[in-house]
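**Student:** Sharing a structure, written as structure tokens. Questions coming.
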Amino acid sequence: MSENTVNSSNPLDIVKWLVTLALLGGIVAADYIYDDVSVLIRALAAVVAVGIAGFIASTTEKGSAFITFAKDARIEVRKVVWPTRQETTQTTIIVLIATAVMSLLLYLLDMVIVELVSLITGLGI
């Protein structure tokens, strides 16, 4: 049978998420309010605020689960055997040739169908 899970998240997580959203909303608002300030200063302030918001979000239960997921995904990506440049080039050429052949076949099929419809209907399309 399926096991019922109880949502045992920390009530402080809600406050942390609200603070995170307030920081991100504040970035947007500050960008409009301080449009006369240098773009460099606004960009640096935005990067700092996003970093702080990310840190606060990472201390929540869902945030730490996401970080664990991201670390596991990074480990799995390292296990992937990527194709060599020659394999990639050969595969790309095969795909291009197959696409050209299929498009030629579809073009010819379309021409045959147009001729058949013209013959049946008597319209010189």
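**Student:** Being more than 13 Å from Ile27 (Cβ to Cβ) and in a helix (DSSP H, G or I) narrows it down to one of Ala53, Ala49, Ala70, Ala45, so name that one.
**Tutor:** Working: Ala53 fails: more than 13 Å from Ile27 (Cβ to Cβ); Ala49 fails: more than 13 Å from Ile27 (Cβ to Cβ); Ala45 fails: more than 13 Å from Ile27 (Cβ to Cβ).
One residue alone meets the criteria, Ala70.
**Student:** Let me ask something else about it. Among the listed residues Ala65, Ala57, Ala49, Ala98, identify the single one that is farther than 28 Å from Pro11 by Cβ and within 30 Å of the chain's Cα centre (by Cα).
**Tutor:** That would be Ala98, the only listed residue that is farther than 28 Å from Pro11 by Cβ and within 30 Å of the chain's Cα centre (by Cα).
**Student:** Suppose the filter is exposed (fewer than 10 other Cβ atoms within 10 Å of the Cβ) and either at pLDDT 90 or above or out of contact with any helix residue (DSSP H, G or I) (no Cβ under 7 Å at 6 or more places or on another chain) (or both); does Glu61 pass it?
**Tutor:** Spelling it out, it is not the case that Glu61 is exposed (fewer than 10 other Cβ atoms within 10 Å of the Cβ) and either at pLDDT 90 or above or out of contact with any helix residue (DSSP H, G or I) (no Cβ under 7 Å at 6 or more places or on another chain) (or both).
**Student:** Condition test on Val101, is it in a helix (DSSP H, G or I) and either β-branched (Val, Ile, Thr) or surrounded by 10 or more Cβ atoms within 10 Å (Cβ to Cβ) (or both)?
**Tutor:** For Val101, the condition - in a helix (DSSP H, G or I) and either β-branched (Val, Ile, Thr) or surrounded by 10 or more Cβ atoms within 10 Å (Cβ to Cβ) (or both) - is met.
**Student:** Taking the range 23-32, which residues are loosely packed, with under 12 Cβ neighbours inside 10 Å and of a type in the set (A, V, I, L, M, F, W, C)?
**Tutor:** Let us first name the residues in the range 23-32 that are loosely packed, with under 12 Cβ neighbours inside 10 Å, namely 25, 28-29, 32.
Within the range 23-32, Val28, Ala29 qualify.
**Student:** Against the definition (loosely packed, with under 10 Cβ neighbours inside 10 Å, in a helix (DSSP H, G or I) and without any contact (Cβ under 8 Å) to a residue 24 or more places away in the chain), how does Glu76 come out, yes or no?
**Tutor:** Against the criterion (loosely packed, with under 10 Cβ neighbours inside 10 Å, in a helix (DSSP H, G or I) and without any contact (Cβ under 8 Å) to a residue 24 or more places away in the chain), Glu76 qualifies.
The values are calculated or read from the model by the stated rules, or taken from the named source; none is laboratory data. Quantities reported herein were computed from a predicted structural model and do not represent experimental measurements. All Cβ positions, even for glycine, are placed from backbone atoms using ideal geometry, and neighbour counts span all protein chains on display.
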